[in-house]
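A.B. asks: What follows is a structure written as structure tokens; I'll ask about it next.
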């Protein structure tokens, strides 16, 4: 429950001398603007005022939207989807994100060579000595603790250059960097997924293996403890799926295209001919009854693009080599959620619920109810790419088209996960008492001195939204912009994607990377003359107007999608590397101007020919020196900002009330043992510790889901 600053046990604010008017007096006298009006003037308002983006072609595919939502919720939470009982929700169970702490470390797998961009992964865990921030040995199956954060820890949290500067900032008699107070690791706090091992066959519905596919023995080349294979961990932190429907592109690097091709996350890239699939497309039954390939392009559908990635990823949910058609074959004859309990009052699934576990009927029946027969009613046998086959085996149309059903159904379910009932939304709708005076001060900091709204824009609180980047339905910005960067020089960049100096750019290129032979970045596609994605550009409206020229500077390397701040209290750890554990640490990061070395050292946001890719708003802010007197106490701007961020929490999310209720879920929670030794299972891999999340009905839980490591947002 939201306590407010005066109810927090450890008050991390400075009480200093104050003279002059109180904040209430300055507002009353007109010396400061009304903060609600200020927010409106900055383009910020209630999320409920924003229409949920919907693919314009949806009716061509979906015949019963409510059935599709039910199908999507079942697929999202169903442990049968993964090769070894991993569900989509296994990494999105807490406010749509992941708050597990054990076996959640991944080394620097996305490193590249500067400037060639060749892959050069760092396969070692921890800092240069193999240690975590708390001094423990880093590695797979390690359990994160509060003392491990931040992953880049400074002698002076207010000074981004306070390590290695030869000074003694804390007056302990030793130079910074030599006294143990500084720490740096390129590891990421992310989400555990599958064991490695090649796919052999799916488990039949009547198989004793249950949800477990038949896969080869994992070798555990990297993710092992004492030679015993453990579950692999993704190289980036897990974003929340709540409110993700408003994102123009999804994943941290935007690789989940806003155009869904019905096959994979790649959008237009996935529709290009390849050596292994010269004619990509979904299968469509024509008026003559014959089945043929056609290409699908659904707009406003990045959630569908995102959804079809993890089920075949050998890091997340699958043994290596499993296809979407295999997943269709596995699931269609099964009862949805057959291994899990569904609450009698589930807000979506109650009427589908079986008296024992799971839902009545089969996935095949749900697909047929939800989708037009054109996409599942044809005959014939096909290979996994949808090409006709005359050999033994082969797949049916409904199996080949399973990613189409999977992606759209999950998009429609996740489109219901909109958290628009926060104290902030109530305040912006006219309820003056919805925010207290500290939170109103924090909102003012958010809009002004903190510069937060410059990136966390609009009612969605992200500049990466459909409304702002696709001009739909009433946006006024676009997917590409040109502005002055942090070095004072002009460059193109992808709107809603910024390099803020979290980590050196060569560690992870973000949207500056490439996919299927094309740049991920829209602006780099324009500069290189290799446009593959569909997006709108009007250079005359740029902050620095003028035609785009080939070879023009692009500042996208190391840039990542701006996440929405809604429910941010509950979705730690933070940033793409999960390197900050609390909101106070995040605010301290911005307050000192990020973690790049500049202005007197190397600018770690640079890459290749670009000396800097830094967003211009990343600069020291001095929020700790910004003060207001409230209820007899002088509150600093950084603390007020944290309190405002907490006011972006929807209590329905905190207590898992509808639409955020869910079926029972059993999730892996590391392995018995620690980073030095684990318990071996009979099959040669590590035994898995399991945590059971009970089924929750529409009324929600009495206990809140809590923050990462149960930390106070104000803890530094």
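A.B. asks: Mind listing just one residue for me: the one in region 92-106 that is in a loop (DSSP other than H, G, I, E, B) and in contact with a strand residue (DSSP E or B) (Cβ under 8 Å, 6 or more places away or on another chain) and, of those, farthest from residue 506 (Cα to Cα)? Show your work before the answer.
C.D. replies: Our first condition is that a residue be in a loop (DSSP other than H, G, I, E, B); within region 92-106, this holds for 92-93, 95-96, 98-101, 103-104.
Filter again for in contact with a strand residue (DSSP E or B) (Cβ under 8 Å, 6 or more places away or on another chain), leaving 93, 100-101, 103-104.
Values: 93: 31, 100: 27, 101: 26, 103: 25, 104: 22 Å.
Only one residue tops the list, namely 93.
A.B. asks: For region 510-532, what are the residues that are crowded, with 23+ Cβ neighbours inside 10 Å and part of a helix (DSSP H, G or I)?
C.D. replies: Once the filter is applied, which keeps residues that are crowded, with 23+ Cβ neighbours inside 10 Å and part of a helix (DSSP H, G or I), region 510-532 yields 522, 523, 524.
A.B. asks: Restricting attention to region 540-567, which residues are buried (at least 17 other Cβ atoms within 10 Å of the Cβ) and outside any loop (DSSP other than H, G, I, E, B)?
C.D. replies: Hits for region 540-567 are 554, 559, 560, 561.
A.B. asks: So, in region 605-637, how many residues would count as being in a helix (DSSP H, G or I) and either within 21 Å of residue 426 (Cβ to Cβ) or touching a residue at least 60 places away in the same chain (Cβ under 8 Å) (or both)? Steps first, answer last, please.
C.D. replies: Residues of region 605-637 that are in a helix (DSSP H, G or I), as a first pass: 623-625, 637.
Of the ones still in play, those that are also either within 21 Å of residue 426 (Cβ to Cβ) or touching a residue at least 60 places away in the same chain (Cβ under 8 Å) (or both) are 623-624, 637.
Qualifying residue count, region 605-637: 3.
A.B. asks: May I ask you to say which residue of 114, 122, 98 is more than 30 Å from residue 656 (Cβ to Cβ), touching a helix residue (DSSP H, G or I) at 6+ places or on another chain (Cβ under 6 Å) and at pLDDT 95 or above?
C.D. replies: Working: 122 fails: touching a helix residue (DSSP H, G or I) at 6+ places or on another chain (Cβ under 6 Å); 98 fails: more than 30 Å from residue 656 (Cβ to Cβ).
Selected residue: 114, the only one of 114, 122, 98 that is more than 30 Å from residue 656 (Cβ to Cβ), touching a helix residue (DSSP H, G or I) at 6+ places or on another chain (Cβ under 6 Å) and at pLDDT 95 or above.
Table: residues versus (1) part of a loop (DSSP other than H, G, I, E, B); (2) touching a residue at least 12 places away in the same chain (Cβ under 8 Å); (3) surrounded by fewer than 21 Cβ atoms within 10 Å (Cβ to Cβ).
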position: 200; (1), (2), (3): no, yes, yes
position: 205; (1), (2), (3): yes, yes, yes
position: 238; (1), (2), (3): yes, yes, no
position: 263; (1), (2), (3): yes, yes, no
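A.B. asks: Also, I was wondering about something else. As an exercise: evaluate residue 456 against (1) surrounded by fewer than 21 Cβ atoms within 10 Å (Cβ to Cβ); (2) closer than 30 Å to residue 422 by Cα; (3) out of contact with any helix residue (DSSP H, G or I) (no Cβ under 6 Å at 6 or more places or on another chain) and give the number of the one condition it does not meet.
C.D. replies: It fails just one condition, (1).
A.B. asks: May I pose another question? Output the helices (runs of 4 or more DSSP H) that fall wholly within region 277-386 and possess 1 or more residues being over 30 Å from residue 685 (Cα atoms), or say none. Write out each step before concluding.
C.D. replies: Working: elements: 302-307, 324-331, 363-370.
The helices (runs of 4 or more DSSP H) meeting that bar are 302-307, 363-370.
Residue-wise test of (1) touching a strand residue (DSSP E or B) at 6+ places or on another chain (Cβ under 8 Å); (2) closer than 19 Å to residue 510 by Cβ.
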| position | (1), (2) |
| --- | --- |
| 551 | no, no |
| 557 | yes, yes |
| 563 | no, yes |
| 577 | yes, yes |
| 583 | yes, no |
| 614 | yes, yes |
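A.B. asks: Another one. For region 644-659, what are the residues that are out of contact with any strand residue (DSSP E or B) (no Cβ under 6 Å at 6 or more places or on another chain), under 13 Å from residue 417 (Cα atoms) and in a loop (DSSP other than H, G, I, E, B)?
C.D. replies: 650, 657, 658, 659
A.B. asks: Tally the residues that are part of a loop (DSSP other than H, G, I, E, B), touching a residue at least 40 places away in the same chain (Cβ under 8 Å) and surrounded by fewer than 22 Cβ atoms within 10 Å (Cβ to Cβ), restricting the search to region 431-446.
C.D. replies: We begin by selecting, within region 431-446, every residue part of a loop (DSSP other than H, G, I, E, B); these are 431, 435-436.
Add one more test, that the residue is touching a residue at least 40 places away in the same chain (Cβ under 8 Å), and what stays is 435-436.
Pick out the ones that are also surrounded by fewer than 22 Cβ atoms within 10 Å (Cβ to Cβ) and you get 436.
Residues meeting the conditions: 1.
A.B. asks: Do we have residue 449 as surrounded by fewer than 20 Cβ atoms within 10 Å (Cβ to Cβ), farther than 24 Å from residue 558 by Cβ and touching a helix residue (DSSP H, G or I) at 6+ places or on another chain (Cβ under 8 Å) here?
C.D. replies: yes
A.B. asks: I would also like to ask the following. Let me confirm something: among 549, 554, 531, which residue is modelled with pLDDT of 95 or more and within 30 Å of residue 107 (Cα to Cα)?
C.D. replies: Working: 549 fails: within 30 Å of residue 107 (Cα to Cα); 531 fails: within 30 Å of residue 107 (Cα to Cα).
Answer to the check: 554.
A.B. asks: If the requirement is being more than 24 Å from residue 83 (Cα to Cα) and at pLDDT 95 or above, which of these qualifies: 308, 291?
C.D. replies: 291
The values are calculated or read from the model by the stated rules, or taken from the named source; none is laboratory data. Note that the structure is a prediction, hence the values are computed from the model and not measured. Cβ atoms come from the backbone with ideal geometry, glycine included; neighbour counts cover every protein chain shown.
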